[in-house]
Amino acid sequence: MDRALGEFEQLILFALVELEEKAYGASIGRAIERRTGRQVSAGAIYTALARLAARELVTAEVGSPTPERGGRRRKYYRLEPAGAAALSRSVDLMHTMSKGLLPKLAGIAGDEPQ
Amino acid sequence: MSDARLPLLDRVLVSLLLRGAEAEVVVGDIVERYIEDLAAGEAPARARKRLRRQVVTSCFEWWRPGAVGERYTGNRGRGMGMGTGIGLWMRDLRMAVRNLARRPGFTLGVALTLGLGIGATATIYSVVDGVMLRPLAYEDPSALVAVGAILPTAEPVDAETGLYNLAPMSVQSYRLFRERSRSFENMAAFEPARFLVGDLGSEEYVDGARVPPELFEILGGSPALGRMFGGDDFRLGDDGVALITYGYWQRRYGGDPSVLGQPLEPAGSGARSTIVGILSRDFRPPEAFFPSDEVPEIYTPMPESEEGIRSIRRWSLGTLHVLGRLNPASSVEGARAEAEDIAADLAAEFPDQNVTPDGHQIGIGLNDLHAQTVGTTGRALWVFLGSAGLLLLLTAMNAATLLLSRALDRKQELGVRMALGAGRTRVVRLLMGEAGILP
């Protein structure tokens, strides 16, 4: 039941943490792009958000029409406590697992001819 | 705010693939990013490109299998685990395939009919496109003309195409014409020739041409390997150098680069030409001057000496094909009028060469090169294309009739489906699926 979070889902949840109540598709995409340099499509963000909403880690609320996007409404997402817990669990898991291994990892990666 | 609208193509994509509330928010985000990109000083073309990519990837992302979205939990769900959207489409499509497979005779018949019609049309169209619609593959092809003698023994103008029947020119008239004409930027006279190629035992005759330096200036030509002709080559004459076309190089020598520097003719055959270059693959020989099976594949330099003239005494003994490039200021009509004047002058000055014993004058005429290349095949090709189009229409009608008669047969099946709860759209989708798969 408690499936681990995917990498992309983690990125999105972190974006929600940063944006608080200003989190909607475009701002989430911008936040991920600004922090990681990765370009993400709006569709990918929404499918991931829909997955997260289905697991009740986030909740959605449709805002009122906004003129700067042609009168289209925004859908704001909010991180739920369950989502925050899942995110920190998944980050902790990585931390715990990687403890003491990072130097060794860097060594192996350094040996690898790119 | 017109900026907030998506371009038409994107709007169509979105409306086809994204539905309802999701579309509004997703499209809103995409538009917002687009406007921000523009405001941030991004080039409009780049911003549009990015917008397009966003729309396309978003639409596909939305329907990616396994991308579980709200569409499964929202109030549009249809219950009974049937899902909506692409899943349902796939189901209908699969059913359509099964239905068609169940009647292989019918399916094969329709597919063959349609295939025949489409295939024939596509084939004819590709020929028409290659011959008629694409201009000659040379620089500024509309300025290229073919120049030649108009012999009194033949009809001067071909009744079907309106083109002059041009005969090869004699060396003398060519030289005089070239000297006197003011309509041309460049002119090249070349002579068809056959070459004996290869080693003894495997030798063959190959069509070629002796050409002046101007020919490659007019047609453009670059070596795929080796070099083109240089100034000295034209002084040496036949016992010198040769260029071969890319196609011949591949066919005869298998693309072996070591042919450069090899003799062209068999040892002991008397002639001695060395292959110095391979013409690049995109070089198009002046096909208008040759029957289709005699297009030159070997080029040697035309000697500039006067010797050639000695053998040419009689009026009819023309050997030179002449290709000209008109001045930007000249028209084909103007050049024609000028050529007539020059021909009249030549007839007066050199009656021995330019007037037949029974008193007819040899004229000089010219044709637009593209028109001459297409020649009489042009009209035939259009007729072909027209009939192929009719054939396609017939096959489409035929297929439509078959499908219609089949639909009558299936009244019962569709009735059962509808009684079991298939909606109108569902049935339409099934039928459209079948009709869509057939071609």
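The values are calculated or read from the model by the stated rules, or taken from the named source; none is laboratory data. Bear in mind that the values here come from a model prediction, so they are computed numbers and not experimental data. Cβ sites come from the backbone with ideal geometry, for glycine too, and all protein chains shown count toward neighbours.
Tabulated data for the structure shown
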| item | result |
| --- | --- |
| Single residue of the range B:422-431 satisfying the filter (surrounded by 14 or more Cβ atoms within 10 Å (Cβ to Cβ) and either charged (D, E, K, R) or closer than 17 Å to residue B:103 by Cα (or both)) that is farthest from the chain's Cα centre (by Cα) | B:426 |
| Any hit, the range B:4-12, residues being surrounded by 14 or more Cβ atoms within 10 Å (Cβ to Cβ), part of a loop (DSSP other than H, G, I, E, B), within 10 Å of another protein chain (Cβ to nearest Cβ) and modelled with pLDDT under 75 | yes |
| Residue A:72, sole failed condition from (1) within 10 Å of chain B (Cβ to nearest Cβ); (2) part of a helix (DSSP H, G or I); (3) charged (D, E, K, R) | (2) |
| Which numbered condition residue B:58 misses (of (1) part of a loop (DSSP other than H, G, I, E, B); (2) among the hydroxyl-bearing types (Ser, Thr, Tyr); (3) at pLDDT 50 or above) | (1) |
| Output for the range B:320-341, where each listed residue is in contact (Cβ under 8 Å) with a residue 40 or more places away in the chain and among the acidic types (Asp, Glu) | B:338 |
| Residues satisfying the stated conditions in the range B:371-421, i.e. touching a residue at least 24 places away in the same chain (Cβ under 8 Å), exposed (fewer than 15 other Cβ atoms within 10 Å of the Cβ) and not in a helix (DSSP H, G or I) | B:376 |
| One residue from A:61, A:68 being in contact with a strand residue (DSSP E or B) (Cβ under 9 Å, 6 or more places away or on another chain), modelled with pLDDT under 90 and closer than 30 Å to residue B:11 by Cα | A:61 |
| Hey, residue B:345 out of contact with any strand residue (DSSP E or B) (no Cβ under 9 Å at 6 or more places or on another chain) and in a loop (DSSP other than H, G, I, E, B) or not | no |
| Those residues of the range A:16-31 which are part of a helix (DSSP H, G or I) and either surrounded by 24 or more Cβ atoms within 10 Å (Cβ to Cβ) or away from chain B (no Cβ under 14 Å) (or both), in sequence order | A:16, A:17, A:18, A:20, A:21, A:25, A:28, A:29 |
| Test for residue A:96: is it at pLDDT 85 or above, assigned to a strand (DSSP E or B), over 12 Å from the mean Cα position of the chain (by Cα) and farther than 25 Å from residue B:34 by Cβ | no |
| Hits in the range A:61-87 (condition: surrounded by 17 or more Cβ atoms within 10 Å (Cβ to Cβ) and touching a helix residue (DSSP H, G or I) at 6+ places or on another chain (Cβ under 7 Å)) | A:69, A:70, A:72, A:74, A:75, A:76, A:77, A:79, A:83, A:87 |
| Residue check, residue A:34 surrounded by fewer than 17 Cβ atoms within 10 Å (Cβ to Cβ) and more than 7 Å from every other protein chain (Cβ to nearest Cβ) | yes |
| Leading residue by the ranking (surrounded by the fewest Cβ atoms within 10 Å (Cβ to Cβ)) among those in the range B:247-288 that are within 31 Å of the chain's Cα centre (by Cα) and at pLDDT below 85 | B:282 |
| Residue B:78 farther than 17 Å from residue A:46 by Cα, more than 10 Å from chain A (Cβ to nearest Cβ) and modelled with pLDDT of 80 or more | no |
| Of the criteria (1) more than 14 Å from chain B (Cβ to nearest Cβ); (2) over 22 Å from residue B:31 (Cα atoms); (3) among the basic types (Lys, Arg); (4) surrounded by 12 or more Cβ atoms within 10 Å (Cβ to Cβ), which one residue A:99 fails | (4) |
